[in-house]
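The values are calculated or read from the model by the stated rules, or taken from the named source; none is laboratory data. Since the structure is predicted, the reported quantities are computational estimates derived from the model, not experimental observations. Using ideal geometry, Cβ is built from the backbone for each residue, glycine included, and neighbour counts are taken over all protein chains shown. Just the protein is used for accessible areas: all its heavy atoms, side chains included, with ligands, DNA and RNA removed. Shrake-Rupley method; radii C 1.70, N 1.55, O 1.52, S 1.80 Å.
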Amino acid sequence: MLVETQRTVVQTQQQPLVQKPQPPLVDDKADRPLPDFPPSGQLVGRAYVIDGDTIAIKRIKIRVSGIDAPELDRPWGKKSKWTMVDICKGQTVTAKLNGERSHDRLVGTCYLPDGTDIGAEMVRRGAALDWDLFSGGKYRHLEPDDARKRLLGFGARSH
């Protein structure tokens, strides 16, 4: 019986190991082609809302400059997205691009036809926070009293 057990162990050890394929260690967004920067430095059109700090105009993704909103899979993320939808719904949006890129997106300050700064409005409504690293703090005074406490830790970066 002991010999049988040893033989089984030896046979198992001699079998070739089959390794499962490992997922690539590459950010899938890094492989996507970056959009061309428009010569005018701006994009104008209807906005398709992706999340609380990203829209698309003419299929080009734009990261709204100076704000940070929770990701969709985090608490407050969907509320943030629907706040952005409410702001942009039925409007023509102008994105004044600053020449920067964030992952697969161009970065810019976005405005409604009446001149409303969409980033400022998102912060004012408590759906995003001022991201002072990129805004220089220009939206911080618009944050409702509870916004930072509510959104920090739920997908918005600590500032």
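All other residues with a Cβ under 11 Å from the Cβ of Lys138 taken together, and with Lys, Arg as +1 and Asp, Glu as -1, what is their net charge? Combined, the nearby Lys, Arg, Asp and Glu give -2. Once the chain from Ile50 to Asp36 is taken as fully extended at 0.36 nm per residue, the excess over their C-alpha distance is 3.1 nm.
Per-atom-type breakdown for the stretch 48-101 gives carbon and sulfur 49% of the accessible area (1.4 Å probe, protein chains only). Pull out a ≥ b ≥ c, the square roots of the eigenvalues of the alpha-carbon gyration tensor of the stretch 37-112, then state rounded if a/c is under 1.5, prolate if not and a/b is larger than b/c, and oblate in the remaining case. It is oblate, given that a/c is not under 1.5 and a/b is not larger than b/c. A simple packing score, the average count of other Cβ atoms within 10 Å per residue, orders the peptides 64-73, 132-141, 101-110 as 64-73, 101-110, 132-141, with the highest score first.
Classify the stretch 33-159 from the C-alpha gyration tensor, please: rounded if a/c falls under 1.5, else prolate or oblate depending on whether a/b exceeds b/c.
Cα axes put the stretch 33-159 in the prolate bin.
Here the gap between Glu100 and Leu112, fully extended at 0.36 nm per residue and compared with their Cα-Cα distance, gives a gain of 2.2 nm.
Let me spell out the model: positive unit charges on the Cβ of Lys and Arg, negative unit charges on the Cβ of Asp and Glu, origin at the Cα centre of the stretch 96-153. What dipole size does that give, in debye rounded to 20?
It comes to approximately 100 debye.
In this simple spin-label model, placing a label point 7 Å from the Cα along the Cα-to-Cβ direction at both Arg74 and Lys58 gives a separation of 3.2 nm. Ligands, DNA and RNA are left out, and with a 1.4 angstrom probe the accessible area of the stretch 64-127 is 46 Å² per residue.
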